[in-house]
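Visitor: Let me begin by handing over the structure; questions about it come next.
Computed from the coordinates by the stated procedures, all read-outs in this text should not be read as laboratory data. On a predicted model such as this, the values are computed, not experimentally measured, just so you know. Quick reminder, even Gly has a Cβ in these numbers, built from the backbone with ideal geometry, and neighbours come from all protein chains shown.
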Amino acid sequence: MTPAPAAPAVVLPHSPALAPLLARGALLSPFKRPRPDAAHPRTRLVLPGLRVDSVRLAAYERICGFPTGKDALPVTYPHVLGFPLAMRLMSGPNFPLPLLGLVHTSIRITRHRATEATGAYELTVYVDALAPHRRGTQAAVVTELRDGGDVVWESRSTYLARHRTAGQPARGGEEGHEPLPAVEEWRLSGDVGRRYGAASGDRNPIHLHPLTARLFGFPRAIAHGMWTVARCLAAHGTPDAAEVRADFRAPVLLPGTVTYAAKGGRFELRGDGGRVHLTGEVRPV
């Protein structure tokens, strides 16, 4: 069998600015017609010679609860570095899912070894696949961080576009889920979304203010999903070489109070009435 041709690579001179990409994605969203068999961009975006801004990194560490001034990057930080490249792909005219309303449903991270905050890296981001979901169509986006040609960190995020589906059976909640033991209660201020947005560059209006969140159907601003998982991992701890999975199950309204719970390698974030916002697991490799 003849192997499939390699996806074309586009080398970027710098990381794209997020604000214009958000605007482009919003303008194009009404014209998108999502479906699992739609064509999707095959381009691999590559950003060589990447160095971490120490000021932005410190701001990220503070808002997420990671210790500052460490030699290694927090396990979730490469996602922040790759997010502008992912947004360039997902906001483009050849990406079939509308950016408005797109929901980050899960992330899987493999860190092969500690990544130095002072290192120079190469980022690669691409859309891996589209797949049917019981509530619509889901896209998988892969991010890879390389050091000297070796992949030292990689992730796979899934993003869901909701739409009517045919033949997808409904699925209930988490059958047999037993709550993990509570560890801490966190009182979240109303500005968590704005502070995380400033540190990460992700200034999606649903996270910034109640008025802009209401435009998208939320009663109040909601926390970034990647903030919730980063905050949990800051409390949980992660080995230098580890696999992390996190599934985003329900938005966290701001301000609000949540409970961080953990046992062994598993963790979760719960809200009022025991509602599960996030589940995850850390495994050494």
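Visitor: Normalised by the residues of the chain, what does the relative contact order come to in percent, with Cα pairs under 8 Å and at least six apart?
Guide: 18
Visitor: Here is a further query. Taking K and R as +1 and D and E as -1, what net charge do the other residues with C-beta under 9 Å from the C-beta of Ser106 add up to?
Guide: Value of the local net charge: +2.
Visitor: Out of residues 5 or more away from Ala72 or on other chains, whose amide H comes under 5 Å of its own, with H placed 1.01 Å from N in the peptide plane?
Guide: It is Ala117, by chain and number.
Visitor: Describe numerically, in nm with one decimal, the distance between label points set 7 Å from Cα along Cα→Cβ at Ser29 and at His14.
Guide: Roughly 2.8 nm, to one decimal.
Visitor: Take Ala7, project a point 7 Å from its Cα along the Cβ direction, then tell me which residues of segment 64-80 have their backbone nitrogen under 15 Å from it.
Guide: Backbone N within reach: none found.
Visitor: Check every DSSP H run in the chain and write down those whose alpha carbon atoms cover 18 angstrom or more along the long axis and whose mean Kyte-Doolittle hydropathy is 0.5 or greater.
Guide: Those that clear 18 Å and a mean of 0.5 are 77-90.
Visitor: Nearest 5 is fine: what % of DSSP beta bridges in the chain come out antiparallel, could you say?
Guide: Working: 67 of 70 bridges.
Taking every DSSP beta bridge within the chain, about 95 percent pair in antiparallel fashion.
Visitor: Along Cα→Cβ, 7 Å out, is where each label goes; now give me the distance between the ones at Leu215 and Ala182 in nm to one decimal.
Guide: Those two pseudo-labels are separated by 3.7 nm.
Visitor: Can you give me the Cα centroid spacing of segment 36-87 and segment 213-285 in angstrom?
Guide: 18
Visitor: Would you be so kind as to identify which of Thr110, Val75, Pro93 lies farthest towards the positive end of the dipole of segment 1-134, taking Lys and Arg as +1 and Asp and Glu as -1 on Cβ and the Cα centre as origin?
Guide: Pro93
Visitor: Could you calculate the contour length gain from Asp37 to Ala120, that is, 0.36 nm times the residue separation minus the distance between their Cα atoms, to one decimal place in nm?
Guide: Residue separation times 0.36 nm, minus the Cα-Cα distance, leaves 26.1 nm.
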